[in-house]
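Remarks on the structure that follows.
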Amino acid sequence: MYSKCGKLLCSRRVIDNMPERSVISWNAMLMGHRRHGLGNEVVRLFKDLCEEVKPDSVTLLAALSGYSHGGLVDEGLDIFDIIVQEQSALLNPGHYGCVIDLLGRSGQLDKALNLIENMSFEPTPAIWSSLLGACRVHANVHVGELVAQKLLDMEPGNAGNYVLLSNIYAAAGMWKDVFKVRKLMLEKTVAKEPGQSWIILDNVLHTFHSSERFHPSKKDVDAKIKEICANIKAASFGPDLSCVLHDVDDEQKESMLLGHSEKLALTFGLMNTPPGLTIQAERSEWKITHVLLIPISGHHTRAGAPVRLSSWPHP
């Protein structure tokens, strides 16, 4: 419970005070830190766990994910090799997915593709999707096309696969191919569901969609976010326009960034909470949001009743 709420110190205090800790207790800690992207802490906890109990399949899944999120590529691959040699019976596609993610984050896309093609399990859509996402990050068109074709054959109705392929082409400036993907989506009647973010204030759920039109506070939120962004630019911070994968000029790209649902929800939260209140955020579109968060992070620093900000879809 504490881990899911982000109160990791409290969860650690609970496990430290337990007279006897089982692998289930340790796994709860590991998965909690994994959920919040604390890869290095997951690795440290994994080492502590191994001194007390025998790791199980869930333990290994959390550990491999920790090595991935912590950027500990060589160490993660070493651990995976040991698992393959000594505990292969515990492995499932999820463990391979973590290693694919680890290789993908480090840009070793050919190695990740080779692992998928030679692993003992039938690759799941989630595994292929992880590699496709890495191709988007590292702008690898060649591998991206191969992986996308696999996914389009497996999940012809999944809009996310088309969008990722389109984004790979857009990042490479291959606009004709972008239009081909969009045309294919129309032919197959596949539509991308717009992202949304929500924030809970005084136990009331407020939902924002990209380019929000209907929220009763829309005008005030739009005005405030423009004010914040102007102040950010004046402080020599600027938006990362590479995130806007459309063939338009920079001014239009900046305007499009203002309408992202996560920014709208965050701005609404800042407008309706006093200084000192904590806002807990789950990141999805981090690259387009971090420039907004950094200059205003001091607005909510002291302990207080947390405000929950969430976004969908997640990465």
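A few comments on the model shown:
- Tabulated pairs, segment 161-190, first over 16 Å from Leu151 (Cβ atoms), second basic (Lys, Arg), C-beta under 8 angstrom, 6+ apart or interchain: Ala171/Arg136
- Being in the same structural domain as His69 (by TED's automatic domain parsing), part of a helix (DSSP H, G or I), under 16 Å from the mean Cα position of the chain (by Cα) and more than 25 Å from Tyr67 (Cα to Cα) is a description that does not apply to Gly104.
- Considering segment 29-60, and only residues there that are surrounded by fewer than 21 Cβ atoms within 10 Å (Cβ to Cβ) and under 16 Å from Tyr2 (Cβ atoms), the residue that is farthest from the chain's Cα centre (by Cα) turns out to be Glu41.
- Out of Ala89, Ala112, sole residue that is of a type outside the set (Ser, Thr, Tyr) and without any contact (Cβ under 8 Å) to a residue 12 or more places away in the chain: Ala89
- Residue within segment 7-23 that is without any contact (Cβ under 8 Å) to a residue 24 or more places away in the chain, surrounded by 13 or more Cβ atoms within 10 Å (Cβ to Cβ) and in a loop (DSSP other than H, G, I, E, B) present: yes
Matching residues to (1) farther than 26 Å from Ser120 by Cα; (2) at pLDDT 90 or above; (3) touching a His at 6+ places or on another chain (Cβ under 8 Å):
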position: His36; (1), (2), (3): yes, no, no
position: Gln87; (1), (2), (3): no, no, no
position: Pro93; (1), (2), (3): no, yes, no
position: Gly97; (1), (2), (3): no, yes, no
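- Counted residues, segment 61-79 - those being more than 10 Å from Cys98 (Cα to Cα), at pLDDT 90 or above and either in contact with a His (Cβ under 8 Å, 6 or more places away or on another chain) or surrounded by fewer than 16 Cβ atoms within 10 Å (Cβ to Cβ) (or both): 3
- Taking the criterion of being at pLDDT 90 or above, of a type in the set (S, T, N, Q) and farther than 24 Å from Asn40 by Cα, the residues of segment 99-122 that qualify are Asn114, Asn118.
The values are calculated or read from the model by the stated rules, or taken from the named source; none is laboratory data. Please read all numbers here as calculations on a predicted model, not as lab measurements. Because the Cβ atoms are built from the backbone with ideal geometry, glycine has one as well, and the counts that use them run over all protein chains shown.
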